[in-house]
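Worksheet: one structure, shown below.
Each value in this text was obtained by applying a stated rule to the coordinates, not by laboratory testing. All values reported here derive from a predicted model rather than from experimental measurement. Here the Cβ positions follow ideal geometry from the backbone for every residue, glycine too, while neighbour counts run over all protein chains shown.
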Amino acid sequence: MEKWSFKPRDLVTVPNLITYIRFLLVPPFIYFFLKENYVMAGVMVGLSGLSDCFDGYFARKLDQVTSLGKILDPIADKVTLISVAVCMVIYMPAILPIMMVLVTKEFLMLLGGFILLLCKVAPPPANIFGKVATVIFYFVICLIIFIKILTGQENMLLVYIGLILTAMAMIIALIQYGVVFFRLIKAKNDEKK
């Protein structure tokens, strides 16, 4: 079981710098979305999604995988997802129930990561289910924004189908993370015996 550790040099690794950019993209996304500048809002979400792919790639490629990065990356995902969810609900209040599923999943994952840190256990890296769920989320949001740009209106059937698929993928990811979480807690408890 990996223990969490922090070194000051971890603050300035290439992957962590890319992750900071994801945090910085959230306020412009919110601004452009609320100003109904959907082209720029879509660009912000697209850049965030691309940087999410690149931070992990560079972490492995440059051998700069850090405990800090393993924490910052999912937090950046959650901050972005929750910001997008809030904006989408302001824009389309009818999707509130689906967005509540997404936000609840993110909250539970943050809580689980916090509990692991309190137990001095490094939270697990993103698994394939979590990455796929995130990619589906970014794709669906970009598609919704793109259709709005092209047609001037939203296709509610497409919105619901896309968000339901996203919610299903995120629930599967949450279950997978839950299995890992309980395995790590059990291993920590066994270590104490």
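Note that region 81-87 has calculated 3J(HN,Hα) couplings of 4, 5, 4, 5, 4, 4, 4 Hz, one per residue in order, obtained from phi through the Karplus relation 6.51 cos²θ - 1.76 cosθ + 1.60 (θ = phi - 60°); glycine and proline are x.
Computed from phi, the 3J(HN,Hα) profile of region 25-32 under the Karplus parametrisation 6.51, -1.76, 1.60 (θ = phi - 60°) reads 7, 5, x, x, 4, 4, 4, 5 Hz, with x in place of Gly and Pro. Bin width 10 Å, alpha-carbon pairs only: give the P(r) of region 19-116 as whole percents, running from 0 to the bin holding the largest distance. The calculated distribution, bin by bin, is 15, 40, 34, 10, 1. Mean sequence separation of contacting Cα pairs (under 8 Å, at least six apart), scaled by the length of region 114-193, corresponds to a relative contact order of 41 percent.
The equivalent ellipsoid of region 95-142 has semi-axes of 24, 15, 6 Å, largest first, where each one is the square root of 5 times an eigenvalue of the Cα gyration tensor.
Projected label points at THR104 and TYR31, each 7 Å from Cα along the beta carbon direction, are separated by 3.5 nanometres.
In the list [x] 17.5; [y] 19.2; [z] 16.9, the label attached to Kirkwood radius over Cα pairs in Å as derived from the coordinates here is [x]. Here, region 1-76 has an Rg and a Dmax of 14.2, 47 Å when only alpha carbons are counted. In this structure, the pairs whose alpha-carbon distance is over 19 Å, taken from LYS70/LYS131; LYS7/LYS120; LYS105/LYS131; LYS78/LYS120; LYS35/LYS148, are LYS78/LYS120.
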